[in-house]
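Here is the structure we will look at, set down as structure tokens.
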Amino acid sequence: MAIPKDAVIRLDPEGIPKRWYNIAADLANLEPMLNPQTKEPVKPEELEAIFCKEIIRQELSKERYIDIPEEVRDNYVSLNRPSPLQRAYRLEKYLKTPAKIYFKREDMSPLGSHKGNTALAQAYFNAKAGIQTLTTETGAGQWGTALAMVSNLFDIKSTVFMVRGSYDQKPFRKTIMHLYGSEVYASPSAQTEYGRKILKEHPETSGSLGIAISEACELAAMSGGTTKYALGSVMNHVMLHQTVIGLEAMEQMKMAEIEPDYMVACVGGGSNFAGFTFPMIGEKIKGKTDCEFIAVEPEAAPSMTKGEFKYDFGDTAGMTPLILMYTLGSQFIPSPIHAGGLRYHGMSPLVSEACKEGYVKPVSYDQTSTFEAGTLMARTEGIVPAPESCHAIRAAIDLALEAKKTGEEKTIVFCLSGHGMLDLGGYENYLNGTLQSSALKE
Ligand SMILES: *Cc1c(COP(=O)(O)O)cnc(C)c1O
């Protein structure tokens, strides 16, 4: 029997996109970031304390396409791009659903997640601008790992503030960052004024992403220009870089004549969702597709399903500009679910606006039900998904079960944002029955 042509859809290296897609060109009502003191739109110069000029240009750009430099394309190959689009035949069969389920494999990067797609671009533009060190925060460790690795590709150093709780709970993440040559500090740390202040007030704190962001920004702002800050999600330039995922997926769907009814991805700060769906949402805005776009949140940090659409800070200390987004409030601290990458109080302003304009449907799930979906993925397709990605799989499975009820042959495509081989603690708890439910305390 011949292998069906949609079993695995691959592009050759020339299939790596030549330009990123910028949805800011197509969303009608985007509002600018504001300076918290003056309440005026942030001027490009004001961002220069922490970002290089090209990153700022991309952050504020309304151009529909931005060229991907050749050196970035060349290096995307080392992250295993283009990534395959694969059909989940055994999962479909297990569910006895008439739906077709496909997934885009961002888990096949040597970094284990999609985060390298923007880390690589940011390291390139900063290195080109003569910056010596990039500094950042990391929660579960995926983003810090990505930045640590790509820094080596462009001979630049990296300093990572890792949320204390993860630093203690996930020691191997720290090992990988050290292996790549990064400096790693548990946050709050004694390296920054803000860190020292928090440590004095709360010596036992397990930290938070918001605190770690504040520390990384402070280090960049105080460096006198040698150090810049790199962010792994939320901001517009990050969403832009991630569109390689969706541009490839659109090409692959065209090749295999796949017309998706649903595209599904998990959302923390929104970058894998944005990267995966924005090019197709661009088609939807032009009226060229009826596809629906499902953003899947944890119940522990339901910024779009339960948050407010308003101006808020991106961090806890209030050092970032004010951004218009769905937010639970910058002081909100989510319960410590295993999907560390989804524990953020806000949401990308571009994803927020796309949701506000009706192009994105947010849903949320409890932690236990997502691990159940991840376990099913492992037992049918043989892939251990990241706890974050389990949220997308849970929603995809529920859509497939809905299709079974109605007997409709729906086509569901989800983004497998990463693998879970470094998150086995969560699976261990799930399997032995000690996993905590994660519902928001009200
Ligand atoms: C960081 C991370 C996420 C969440 O971040 P987004 O910016 O929302 O994509 C999701 N999945 C994995 C595997 C991650 O590492």
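The values are calculated or read from the model by the stated rules, or taken from the named source; none is laboratory data. The structure displayed is predicted, hence computed values, not measured ones. So basically every Cβ, Gly included, is an ideal-geometry build from the backbone, and we count neighbours across all protein chains shown.
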Counting only residues that are at pLDDT 85 or above and polar (S, T, N, Q), which one in the range 316-330 is surrounded by the fewest Cβ atoms within 10 Å (Cβ to Cβ)?
Ser330
Quickly run through the range 110-124 and pick out the residues that are more than 9 Å from the ligand (Cβ to nearest atom) and surrounded by fewer than 24 Cβ atoms within 10 Å (Cβ to Cβ).
Pro110, Tyr124
Being farther than 30 Å from Gly420 by Cβ and at pLDDT below 95 narrows it down to one of Pro41, Pro36, so name that one.
Pro36
In the range 72-97, which residue that is hydroxyl-bearing (Ser, Thr, Tyr) and within 18 Å of the chain's Cα centre (by Cα) is farthest from Ile9 (Cα to Cα)?
Tyr76
May I ask you to verify whether Ile211 is more than 16 Å from the ligand (Cβ to nearest atom), in a helix (DSSP H, G or I) and either free of Cβ contacts under 8 Å to residues at least 12 places away in the same chain or within 30 Å of His338 (Cβ to Cβ) (or both)?
yes
Within the range 125-149, how many residues turn out to be more than 16 Å from the ligand (Cβ to nearest atom) and of a type outside the set (Ser, Thr, Tyr)?
9
Somewhere in the range 396-414, is a residue closer than 21 Å to Gln142 by Cα and charged (D, E, K, R)?
no
Show me the strands (runs of 3 or more DSSP E) entirely contained within the range 247-364 in which 1 or more residues are farther than 29 Å from Ala216 by Cβ.
262-266, 292-298
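Any idea which residue in the range 216-240 is nearest to the ligand (Cβ to nearest atom), counting only those that are within 30 Å of Leu27 (Cα to Cα) and assigned to a strand (DSSP E or B)?
Applying the filter and picking the extreme gives Tyr229.
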It is to be established whether one or more residues within the range 245-253 are within 22 Å of Ser151 (Cα to Cα) and modelled with pLDDT under 95.
no
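Here's the yes/no breakdown for (1) surrounded by fewer than 23 Cβ atoms within 10 Å (Cβ to Cβ); (2) within 12 Å of the ligand (Cβ to nearest atom); (3) touching a residue at least 40 places away in the same chain (Cβ under 8 Å):
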residue	(1), (2), (3)
Gln252	no, no, yes
Ala256	yes, no, yes
Phe293	no, no, yes
Val296	no, yes, yes
Glu299	yes, no, yes
Lys310	yes, no, no
Checked the range 266-286 for anything away from the ligand (no atom under 12 Å from the Cβ) and in contact with a strand residue (DSSP E or B) (Cβ under 9 Å, 6 or more places away or on another chain); matches are Phe278, Pro279, Met280, Ile281, Gly282, Lys284
Is one or more of the residues making up the range 19-26 in a strand (DSSP E or B), modelled with pLDDT of 95 or more and buried (at least 18 other Cβ atoms within 10 Å of the Cβ)?
yes
Within the range 164-184, which residues are aromatic (Phe, Trp, Tyr) and surrounded by 15 or more Cβ atoms within 10 Å (Cβ to Cβ)?
Tyr167, Tyr180
Residue that is at pLDDT 95 or above, within 21 Å of the chain's Cα centre (by Cα) and crowded, with 24+ Cβ neighbours inside 10 Å, where the choices are Cys217, Cys266
Cys266
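From the set of residues in the range 71-92 that are without any contact (Cβ under 8 Å) to a residue 60 or more places away in the chain and either in a helix (DSSP H, G or I) or out of contact with any strand residue (DSSP E or B) (no Cβ under 9 Å at 6 or more places or on another chain) (or both), which is nearest to the ligand (Cβ to nearest atom)?
Among them, the one singled out is Leu79.
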I'd like the full set of residues that are part of a strand (DSSP E or B) and within 13 Å of the chain's Cα centre (by Cα), limited to the range 99-149.
Ser113, Thr138
Somewhere in the range 256-270, is a residue more than 17 Å from Ala396 (Cα to Cα) and among the charged types (D, E, K, R)?
yes
Residues of the range 169-192 being part of a loop (DSSP other than H, G, I, E, B) and more than 22 Å from the chain's Cα centre (by Cα), which ones?
Gly181, Pro188, Ser189, Ala190, Gln191, Thr192
Return yes when Pro36 is assigned to a loop (DSSP other than H, G, I, E, B) and in contact with a helix residue (DSSP H, G or I) (Cβ under 9 Å, 6 or more places away or on another chain) and no when it is not.
no
